[in-house]
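I have placed the structure first, in the form of structure tokens, so that the comments after it can refer back to it.
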Amino acid sequence: MRLRLLAACLLLSSGPVACTAANTNVPAADASHAKTPLPFIQDDYARALAEARAKGVPLFVDVWAPWCHTCRSMKAYVLSDAALARHADRFVWLEVNTDLTSNAAFQEQYPVEFWPTLYVIDPRQEKALLRFAGSATVAQLEKLFEDGERAYKGGITGAEALLARGDALYAEGRSAEAAETLAEALAEAPADWSRRGRAVESLLTAMYGAKQHEACARKALEELPRTPRSLSWANGALLGMYCVLSLPEDHAAGAALREGLEARVAEALAPPAIEMSADDRSGLYEVRVQAREVAKDAAAVKALSEEWLAFLEAEAAKAPNPQARTVFDSHRMLAAMKLQTPARAIPAIEQSEKDLPQDYNPPARLSTLYRLVGRLDDALAASDRALARVQGARRLSVLSGRADILVAREDTAGAVKTLEEAITFAKSLPASQVSPRMVAGLEKKLSGLQASAQ
């Protein structure tokens with residue numbers, strides 16, 4: 001499900017795989033698209049809405065970003081599946097690239113916290129009927145199609161109606177109410193309810209959104225034994241871990257909850273294999289590494305990171321094309337950094353830049369990796385290339401990374417100027433596309449540099 005909550009896909013986080021245009025005429029990583037049997041309209045909500053109204057069908061929206069590896073995984077491995085062709089007439093299909101400032105109005109009307117986010121919208125009222133955060137298999141998508149259609153048509157009762165109501169509340173941003181309603185759905189549903197797994201995922205996502213972190217972790221441990229072993233089960237363990245890792249380090253119940261949920265995440269990685277994408281499996285490794293870091297277990301962090309990186313390298317070697325292979329770049333980079341061997345990731349990402357010359361992500365990542373290995377001139381050149389290709393709010397992260405390079409070059413004045421440029425640029429962007437946390441981080445970094453220069 002790779003909800004990038006803690007490492008990369010939460011809007012404009014400041015980590016190594018986080019946000020990274022002046023040149024707004026450059027397409028945002030068109031090469032990240034794989035062919036899809038679904039007739040997606042690109043970045044034109046008005047047109048899609050009009051077509052949905054004319055056809056009398058709901059609107060299905062894939063909200064994505066070129067920097068989000070899970071979004072790219074969905075495009076390369078799921079939305080490209082020929083089995084989806086039979087669903088082409090069920091919806092009008094729209095994809096929304098959140099790097100584009102032209103999509104700010106859509107984001108203001110339909111806010112997103114996690115990438116990717118899938119919406120089903122009733123075009124008659126412009127009302128979101130369903131909002132699903134994260135990745136999905138083809139089978140899961142088909143259930144989402146059914147749920148979206150049923151909510152559009154109405155007439156459902158019982159647990160199904162509560163699930164639809166919870167979906168709608170979450171889509172409206174009413175996370176606490178959504179969580180309450182989804183919990184009611186699970187309580188009312190029979191033990192063999194076919195949507196139990198999906199309802200558990202949606203409930204835990206809503207609880208996370210409502211910042212009910214301890215309750216979320218406890219609910220995950222409560223519901224997992226009642227949930228069939230599946231991708232939804234694995235996602236439930238993952239979401240529970242995200243909630244635990246959001247608790248203060250000194251939280252009284254934190255260690256016990258972390259231990260219980262880390263065991264479930266390890267179980268999700270163990271045989272028998274659960275059907276999931278390599279990107280989803282990588283996310284389970286990532287959260288296990290994070291849990292061991294919190295536990296200050298350096299040996300386990302190293303062992304898990306080595307296993308994680310070996311897995312990613314093997315999966316990348318099997319990728320059918322460059323677009324699919326780049327799905328693994330950000331995690332390969334992160335795992336190599338955890339191992340304190342950043343150079344290990346450089347050749348793969350250099351190849352990605354050669355294969356996808358319009359994609360800003362490879363040079364943005366290379367600028368960090370080169371800096372970490374002391375290749376500061378190369379880092380600055382890679383930053384230049386990323387800035388020439390990136391657009392929208394993602395530019396902020398590239399500028400933040402550029403400031404780090406300039407600090408390493410002992411050019412404090414240049415770093416200050418770069419951060420000032422980033423903050424000015426942030427203020428020029430639509431509010432719906434800028435993370436206040438990112439801006440606060442830039443301001444804090446600037447203040448620190450200014451103080452050190454005095």
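The values are calculated or read from the model by the stated rules, or taken from the named source; none is laboratory data. Since we're looking at a predicted model, the values are computed, not measured. All Cβ positions, even for glycine, are placed from backbone atoms using ideal geometry, and neighbour counts span all protein chains on display. Please note that ligands, DNA and RNA were not included when accessible areas were found on the heavy atoms of the full protein model with its side chains. Shrake-Rupley method; radii C 1.70, N 1.55, O 1.52, S 1.80 Å.
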### Task
For residue 248, indicate whether it is farther than 19 Å from residue 166 by Cβ and part of a loop (DSSP other than H, G, I, E, B).
yes
### Message
Kindly evaluate residue 178 against the criterion of being closer than 18 Å to residue 131 by Cβ and in a helix (DSSP H, G or I).
### Response
yes
### Query
residue 8 is checked against (1) in contact with a Gly (Cβ under 7 Å, 6 or more places away or on another chain); (2) modelled with pLDDT of 85 or more; (3) crowded, with 21+ Cβ neighbours inside 10 Å and fails just one. What number does that condition carry?
(2)
### Task
For the stretch 83-122, name all the residues that are among the aliphatic types (A, V, I, L, M) and under 22 Å from residue 427 (Cα atoms).
100, 104, 105, 112
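Okay, residues lined up against (1) closer than 30 Å to residue 250 by Cβ; (2) in a loop (DSSP other than H, G, I, E, B); (3) open to solvent by 20 Å² or more (accessible area, probe 1.4 Å):
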| position | (1), (2), (3) |
| --- | --- |
| 291 | yes, no, no |
| 328 | no, no, no |
| 337 | yes, no, yes |
| 358 | no, yes, yes |
### Summary
Residue count, the stretch 339-356, condition of a type in the set (S, T, N, Q) and open to solvent by less than 10 Å² (accessible area, probe 1.4 Å), comes to 1
### Tally of residues being β-branched (Val, Ile, Thr) and either surrounded by fewer than 20 Cβ atoms within 10 Å (Cβ to Cβ) or not in a loop (DSSP other than H, G, I, E, B) (or both) across the stretch 360-391
2
### Summary
The number of residues in the stretch 18-69 that are at pLDDT below 65, among the β-branched types (Val, Ile, Thr) and more than 24 Å from residue 280 (Cβ to Cβ) is 2
### Query
Within the stretch 109-141, how many residues turn out to be at negative phi, of a type in the set (Asp, Glu) and at pLDDT 95 or above?
1
### Task
Report, by residue number, each residue of the stretch 339-356 that is of a type in the set (S, T, N, Q), assigned to a helix (DSSP H, G or I) and over 23 Å from the mean Cα position of the chain (by Cα).
351
